[in-house]
Each structure stands twice: as structure tokens, then as C-alpha cells.
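Below is one structure; the comments refer to it alone.
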Amino acid sequence: MKPWHLGNTTVRSAFRLRDGLVALSTSSLQGNLRGQEQEIALRHLLGEHGIVTLGEDETYSVGRKWRSALNKLGFLYPEIPAATGIPQIAIGPIDMITPNGWRLIRADTVPAMQECFLRALAAHYIPSALEKKFDFAVFSPLRHTLAVMLELERQTGESRLNFIEMALVVQLTSSDDPLADIVVQILDLRARRLAATNKRQFDQQARNAAAALHKYAATTFNDYADTNMRYLKATGLVQSKGRGLSLVPEKHVFIEKLVQDTGIPDSDRSYFITLCNGAVLPTDNKDSALVVLDDLLQQLNRRGIPFDPTGKPTETPADIAIIRHEIEGILSESNEEEYALRQAAEWEEIAAYMELIITRKNKKTLSDGTEIEVPQAEAPAYFEWILWRAFLAINSMANKPYEARRFKIDQDFLPVGCAAGGGADLICEFSDFVIVVEVTLTDNSRQEAAEGEPVRRHVADLVSHYAEKSGKPVYGLFIANRIDSNTAETFRIGVWYTRTDDKMRLDIIPVTLAQFKAFFEALFTADRVEVDLIRELLDCCSGLRAAHEAPAWKVEIEQAINHRIASFAFA
């Protein structure tokens, strides 16, 4: 059996495809991506926009694989095989951005992006004119996986699908296989693994057995499963459950409606047209949209969240979508507030993520066996995210968790890109002061050029904002793995001039992530999680500015942090 996979194992983060499309949309390369020179040019374009790392690539495969992934998901018009007899012009100009591709580019919220991926994956069928090397009947991998999870839920009471079950069962099946039989295989694998004393050894032996049976490298099963799970999560229909997936409860009725559509494309032409325009979804139909809306209203009612739909038009699917998106936003904010309350209990995991950022490693196994990961290409976003979680764990913020962050998150509360330019990374407001958090992975002499002016401007803007709003003092907290002395000197001077040449004094304290981590851990291990201790430290470090130049000031900051950590033990 040939395992199937969604997307492309080279581009495992689906949301990075949007970044690539945005870069391509303003480039002369659009529609001109074939051949070695163009593939090299695409790779350079992606590198210039910070989407891929420009390392060794002797085979020029990065550009080719990115183009292939965008073609396969219908975000760029694919090359139509001559054997289909369909003229290219009947579908669209090769490698130009499709209607669903433009929809993804224009999507400015995570739910809007997820809908584009959902439409893409719902339109994706195999085998197809683009992917012929399969020996089973045409089926939808997305609907198939969701149907398996629904059947798991029916039989066991929960929809959870573990990583190894995706790797060794689901991606080796199709709609040719009865759902009940697939679930029998999953539960058998689950029971055998549960009985194994050494889980890692069991997983390796199971992969080796599958490799021998299906004639694939053992690592292929994990690579495909990882990619499949990432792309499935990009639809917004599933969420992480341990090292696996479960159905998003708020989407359950929608999922049931989606898997009821068991039809397949009636021709290659209709397949390509749907792939490039995005599939029709249940909520595009008024009756189905009303059923989904009714379920969402019931969810609000069960949570005790007031919402009055009276007077809101429901004449068309578009009308209903406006109400649906509003309710989904309310539910999402409620989920995020519950997530924020859990962070204090997860402070050790937060510190472990900091360690990954500090050491620039990708993965770490925690003491309870949980494996955490910082994808290399997403490290800047994870840096912002873990500082957000750290301040949520301190659990004293006056603003809401979704008001504090300026980056987007998905249904697993993981970051989707960095904070947009033009503002701070985090704005943490407390009862009587505000901390503006800025982070960077840049640690050389370019640090000052890249961060000195924007950080001071962001802090100055918020000083002015809070002076008018509440009079709360505003501190800047700049965090990097290494603080360049030129950056420290800019913040030590701490001056900003307004458009009217009024001089502002700014309090921006530069600390390394290792220093912040040590202080953060000390607060929890000493049971001294008090936000006033953070403010007192910031005031102390600010007070040291006048007596020292940058190198000495950095030393004094470190000593101040270490002194306070030591004092916690004797408090």
C-alpha cells in the first residue's frame, strides 16, 4: 500500500504557504516558475522574505517543492497533463495565483486563512490527474480522516487519533476500507502499544514492520503523518490532543455535514476547476448553514454566554456566515481566557520552551514524557508566544490575553506568524503599570539598527497612549539571546523626540532570555509570583542607567537579577 500525504513534506507548516504566496503576488516570477533559473529565483525570493533559510541547495529543490505544494493545493494553477485532453487555458495560466490563492492572500484572520485551507483540502482527491500512483478508488483524504475520527468517537467516546495511528493505519487506508475495520486496526495498535513497557521501542518496531510490508523507509511513515497532521490542523477542524488529534468541539456539526458529502469529481476538468476555486462547503448552503448556526447558539447557551441573534438577517449563507463568525469569535475568546488561566500550572513547560529558544534546538522531552517543539522556521514567532505565555502564567494582567498579544494564534493557541509591524510584540497591562515586551533573535551588531528605533517608537507611542488613558507608567522590556552593547546604549540613553520636538524619557530594560528565564523560574520555585517584584526589578535596572555606559550597565542588570533570585530563597 502506498501511503498518502497532504501538502508537501518540505513545506510542513501550511501557514507558510500563505507567506510564500504573498511574496510571489508582487513578484515578476508569478507564472514563470519552471526551469532551473526560475526555481533558484523562487528560492531566493522566499529567502529574502525570511520564509526559508538560504543554505545549501545544490539540486534547487526548495523552489521546485514550494511550487509543487502550491500547485497541488490549488493556490497556483497547476500544469494540466496533456493526457487529460484539457487545454491549459480552460483551467488557468500555469503557475499564476488562483482564486483560492488570492482568497488566502487577502485573508487577514486565522479563521479566514483556515477556511482557505479547508476549501483546498476539501477539493483535494486522490488518485487524480496530478497524482496517479495510487491503486485505490478516488477519495478525499480530508473527509476520510474526519470520518475515521467520528467512528472512533462513536465506538470509544472520544475522537482522539494518535500520531502512530495516523502513521501506520489511517494514511495507509482509503474510503475503499470500511470505517469499522479501520477503527479495529487503530484500537488493536493502541492496545498493543499501551501494553508495551517501552513505548519508543514499540513505535520503532511497528514502523520497521510497516516498512518491510509496504516497501518504504521506516522514517517515511512519521514524515507523512507529521505533514498530514499539520495540514489537517490548518483547516481549523481538528486540534492537538497529546501527540495526536481530536475534533474541535465547536466544529462537530460542521464536520458531520462535511463527511456526508461522499461524491467525487465527475471529470478531470471539474476537479481542476474546483481545486483552483476551492471546494463548496456545507455552510455555503443555507439549510446546512442554519443547522451549524443553531449548534453554535446552543454552545453559547451551554457556556452561559449571552448572545441575542434577534434582528440579524439570515436570508442567505453570507448573512448566516456573519453571525457564525461572530459567535466563533466569542467562543474563541472564551477558550483563550480558559487557556490563560492554565498557564500558571504550566510554568515548567514554558521555561522548557525558553530553553529551546536559548539553545536554538528544535525538540525537548519533558519529565512527564511530553515532547515539545519549536519549528526552526517559526522560532521568531515562538519567541513572542512563549513570552506571552510567561506573562499569562504570572496571572496578574488587567487586559485580556487576546489584547496583550499582537500575533495570531490557531485553535491550539500556537502562534501563526509574528506580530505585525508598526507596533509592540506584547502589551501587558497590570493594575498600576504597563510592560511593553519586544523580542528578537538577532544577536549581532545589526541588532541596534533593526530594533533600536522601532522599539523606542513603540514604547513612546504607548507612553503617550497610557498618559491620556490612565496615567499608568510604561516600561519597555527588550529580550534577546544576546544583548549587543550598541543596542543597550540606545536604550540606556532612552530618549525619544515627538513630532513637535518634545523630549520623552523612556524606560527600556534589555535582558537576555536566559536572565529572564532564571528570574521567571525563581518566582515560581520560591512561590513568589508577584508582579510587583517585576516592576521593582525594572525600576532598579532603570536607576542604574546614569552611572554606567552600556557594557557596565549590562553587567549591573545581570547582577541585579541574580541578587533578587538569591533573595527569594531567604524571603
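For the chain, the share of DSSP beta bridges that are antiparallel, to the nearest 5, is 65%. Restricting the calculation to Cα atoms, the range 370-432 yields a radius of gyration followed by a Dmax of 12.0, 38 Å.
For the chain, give the percent of accessible area contributed by carbon and sulfur heavy atoms, probe 1.4 Å, rounded to a whole number.
Numbers: 12610 of 25570 Å².
For the chain, the apolar C and S fraction of the accessible surface comes to 49 percent.
Could you compute the FRET efficiency for residue 552 and residue 528, with r as their C-beta to C-beta distance and R0 at 30 Å, rounded to 0.05? Approximately 0.60, to the nearest 0.05. Dividing the summed helix terms, -39500 (n - 2.57) for each DSSP H run of n ≥ 4, by the number of residues in the chain produces a 222 nm estimate of -17000 deg cm²/dmol to the nearest 500.
In Å², what does the accessible area per residue of the chain work out to with a 1.4 Å probe?
Details: 25570 Å² over 571 residues.
Dividing the accessible area of the chain by its residue count gives 45 Å².
Here the Karplus curve 6.51 cos²θ - 1.76 cosθ + 1.60, taken at θ = phi - 60°, turns the phi angles of the range 403-414 into couplings of 8, 6, 8, 10, 9, 8, 10, 9, 5, 9, 6, 8 Hz, with x standing for Gly and Pro.
Database remark: amide H of residue 408 closer than 5 angstrom to the amide H of 416 (H placed geometrically; neighbours at sequence offset of 5 or more, or on other chains; Pro and chain starts carry no H). The angle separating the long axis of helix 14-25 from the principal Cα axis of greatest extent in the chain is about 90 degrees. Between residue 32 and residue 102, full extension at 0.36 nm per residue minus the direct alpha carbon distance yields a gain of 23.5 nm. Can you tell me the orientation of helix 36-48 relative to the chain, as the angle in degrees between its alpha-carbon axis and the longest Cα principal axis, to the nearest 10? Approximately 40 degrees, to the nearest 10. The modelled label-to-label distance between residue 298 and residue 486, using points 7 Å beyond Cα along the C-beta direction, is 6.2 nm.
Using a simple spin-label model with pseudo-atoms 7 Å out from Cα toward Cβ, residue 364 and residue 443 lie 1.4 nm apart. In this structure, the residue pairs whose Cα-Cα separation is over 24 Å, taken from 199/364; 65/257; 2/65, are 65/257. Annotation: amide H-H contacts under 5 Å for residue 123 (H modelled 1.01 Å from N, sequence separation of 5 or more, or interchain): 279. When you count the other C-beta atoms within 10 angstrom of each residue and take the mean per peptide, 483-492, 524-533, 498-507 line up highest first as 483-492, 524-533, 498-507. Working from Cα positions, state the angle (0 to 90°, nearest 10) between the long axis of helix 513-525 and the longest principal axis of the chain. Helix 513-525 and the main axis of the chain meet at about 90 degrees.
How do 73, 213 rank by accessible surface area computed with a 1.4 Å probe, from largest to smallest? Don't jump to the answer; show the numbers that get you there.
Numbers: 73 5, 213 125 Å².
From most accessible down to least: 213, 73.
Assuming R0 = 30 Å, what is the FRET efficiency of residue 79 and residue 285, from their Cβ-Cβ distance, to the nearest 0.05?
On the way: r = 33 Å, r/R0 = 1.09.
Once rounded, the FRET efficiency stands at 0.35.
Working ranking of peptides 247-257, 172-182, 141-151 by packing, defined as the average number of other Cβ atoms within 10 Å per residue, highest first, is 141-151, 247-257, 172-182. Applying 0.36 nm per residue to the separation of residue 464 and residue 243 and subtracting their alpha-carbon distance, the gain on full extension is 75.0 nm. For the range 447-457, the Karplus equation 6.51 cos²θ - 1.76 cosθ + 1.60, evaluated at θ = phi - 60°, returns couplings of 4, 5, 5, 7, 10, x, 6, x, 5, 4, 5 Hz by residue, with Gly and Pro reported as x. DSSP beta bridges confined to the range 407-508 are antiparallel in about 50 percent of cases.
If I take every Cα pair under 8 Å that is 6 or more residues apart in the range 504-571, average their sequence separation and divide by the length, what percent do I get for the relative contact order?
46
Using all pairs of distinct alpha-carbon atoms, the Kirkwood hydrodynamic radius of the chain works out to 26.2 angstrom. Principal axis extents of the C-alpha atoms in the range 64-166 (largest first, rounded to whole Å): 50, 39, 23.
Less than 5 angstrom separates the built amide H of residue 238 from those of 248, all sequence-distant by 5 or more or on a different chain. Quote the FRET efficiency, to the nearest 0.05, computed for residue 198 versus residue 316 with a Förster distance R0 of 60 Å and r equal to the Cβ-Cβ distance. It comes out at approximately 0.55. The per residue volume of the convex hull around the alpha-carbon atoms of the range 406-502 is 123 Å³.
Sequence gap at least 6, Cα distance under 8 Å: using those rules, report the relative contact order of the chain to the nearest whole percent. Spell out each step's value before the answer.
Numbers: 797 pairs, mean separation 56.7, N = 571.
Reported as a whole number, the value is 10 percent.
Ligands, DNA and RNA excluded, the heavy atoms of residue 458 present near 20 Å² of accessible surface to a 1.4 Å solvent probe. In this rough spin-label picture, where each label sits 7 Å from Cα along the Cβ direction, the residue 504-residue 450 distance is 2.4 nm.
The values are calculated or read from the model by the stated rules, or taken from the named source; none is laboratory data. Quick caveat: nothing in here was measured; it's all calculated off a predicted structure. All Cβ positions, even for glycine, are placed from backbone atoms using ideal geometry, and neighbour counts span all protein chains on display. These area figures cover heavy atoms from the full protein model, side chains too; ligands, DNA and RNA do not enter into them. Shrake-Rupley method; radii C 1.70, N 1.55, O 1.52, S 1.80 Å.
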